[in-house]
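Accompanying notes for the structure given below.
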Amino acid sequence: MALTTPPTVGFDLDMTLIDSRPGIRACYLALAERTGTYIDAELAVSRLGPPLVDELINWFPAEQVDEMADLYREMYPAYALAATPAMPGAGEAIAAIREAGGRAIVVTAKYEPNAKLHLAHLGIEPDAVIGNLWAEQKALALREHEAAVYVGDHVGDVRGARTAGALAVAVATGPCAPEELREAGADVVLTGLTEFPRWFSDYCSDNWPETPAARA
């Protein structure tokens, strides 16, 4: 069925729009130094996606996790922002949606204020940023904004898209291999966001022939 309005496309943040590994690694090392607690930062950044508390429980007693999460988030801007680049093709992906007359939103498990700081630092300007949502919870924001597509790098992102009834587009730039993303139910698997503008143009041609992207 052809789309009747310009599409809204949702994006995950970490390892989808930004390569957050260097910044998160730096923040974990700083947290370890400040608290005197060993954290394997390399291991932690190899499994990005789930909420922060899901990682901290591996390094701190359960009764300290909430306190450590607050401390990490407080320290985060000083250690993570400057060290975190955009993923290749991130700006072009947002631009492709805008050129089609659509809206681009970010739905992420990251603490929302820090997510917004990352995007502002990199000059990426989505129409909305919704944080603190993971996996199936992301469907809450995707439905509210009537997103037709959700793009993410993790199987949790695929689950969120499918729960919302959105097309699940996966990019194999995070911890999950293409086969794992397909097995989770991804409708489309791209190697990265550099492939997104061409895919989006074809998607618009099939679903919304009047969009500028479809005529490109």
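The values are calculated or read from the model by the stated rules, or taken from the named source; none is laboratory data. Everything numeric in this text was worked out from a predicted model, so none of it was measured. Here Cβ is always computed from backbone atoms with ideal geometry, including for glycine, and neighbour counts include all displayed protein chains. Surface accessibility is based on the protein's heavy atoms, side chains included, excluding ligands, DNA and RNA. Shrake-Rupley method; radii C 1.70, N 1.55, O 1.52, S 1.80 Å.
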Scan region 1-36 for residues that are surrounded by 21 or more Cβ atoms within 10 Å (Cβ to Cβ) and closer than 22 Å to A62 by Cβ and report the count.
4
Scanning region 54-74 for residues that are surrounded by fewer than 18 Cβ atoms within 10 Å (Cβ to Cβ) and touching a residue at least 40 places away in the same chain (Cβ under 8 Å), which turns out nearest to H121 (Cα to Cα)?
R73
Only one of (1) open to solvent by 10 Å² or more (accessible area, probe 1.4 Å); (2) of a type in the set (F, W, Y); (3) touching a Gly at 6+ places or on another chain (Cβ under 7 Å) is not met by F196, so which one is it?
(1)
Taking region 1-26 as the search range and keeping residues that are among the polar types (S, T, N, Q) and part of a loop (DSSP other than H, G, I, E, B), which one is modelled with the lowest pLDDT?
T4
Return the pairs, sorted by first residue and then second, in which the second residue is in a helix (DSSP H, G or I) and open to solvent by less than 30 Å² (accessible area, probe 1.4 Å), the first residue lies in region 107-118 and is in contact (Cβ under 8 Å) with a residue 24 or more places away in the chain, the beta carbons are less than 6 Å apart, and the residues are 6+ apart or on different chains.
V107/K138; V107/A141; T108/A115; N114/Y76
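Just for region 37-53: of the residues that are without any contact (Cβ under 8 Å) to a residue 40 or more places away in the chain and open to solvent by 80 Å² or more (accessible area, probe 1.4 Å), which one is nearest to H154 (Cα to Cα)? Reasoning before the result, please.
Going residue by residue through region 37-53, those that are without any contact (Cβ under 8 Å) to a residue 40 or more places away in the chain are 37-45, 53.
Subset that is open to solvent by 80 Å² or more (accessible area, probe 1.4 Å): 38, 42.
On the way: Y38: 26, E42: 18 Å.
Ranking the qualifying residues of region 37-53, first place goes to E42.
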Note on region 103-117: residues touching a Ser or Thr at 6+ places or on another chain (Cβ under 6 Å) and not hydrophobic (A, V, I, L, M, F, W, C) are R103
Subset of region 40-62 (residues that are within 26 Å of A172 (Cα to Cα), hydrophobic (A, V, I, L, M, F, W, C) and either touching a Lys or Arg at 6+ places or on another chain (Cβ under 8 Å) or part of a loop (DSSP other than H, G, I, E, B) (or both))
A41, A44, V45, L48, L52
Need pairs with beta-carbon distance below 8 Å; first residue under 11 Å from E92 (Cα atoms) and within region 189-205, second open to solvent by 30 Å² or more (accessible area, probe 1.4 Å); sequence gap 6+ or separate chains.
L193/P88; L193/E92; L193/T173; T194/P88; T194/E92; F196/E92; P197/E92; P197/A95
Cβ pairs under 7 Å, 6+ apart, first in region 5-27 and at positive phi, second open to solvent by 10 Å² or more (accessible area, probe 1.4 Å) and of a type outside the set (K, R):
M15/L48; M15/T173; M15/G174
Kindly provide the set of residues from region 11-34 that are within 14 Å of E74 (Cα to Cα) and hydroxyl-bearing (S, T, Y), ordered by number.
Y28
Is it fair to say A44 is aliphatic (A, V, I, L, M) and in contact with an Asp or Glu (Cβ under 6 Å, 6 or more places away or on another chain)?
yes
Does region 98-106 contain any residue that is without any contact (Cβ under 8 Å) to a residue 24 or more places away in the chain, under 14 Å from T8 (Cα atoms) and out of contact with any Lys or Arg (no Cβ under 6 Å at 6 or more places or on another chain)?
yes
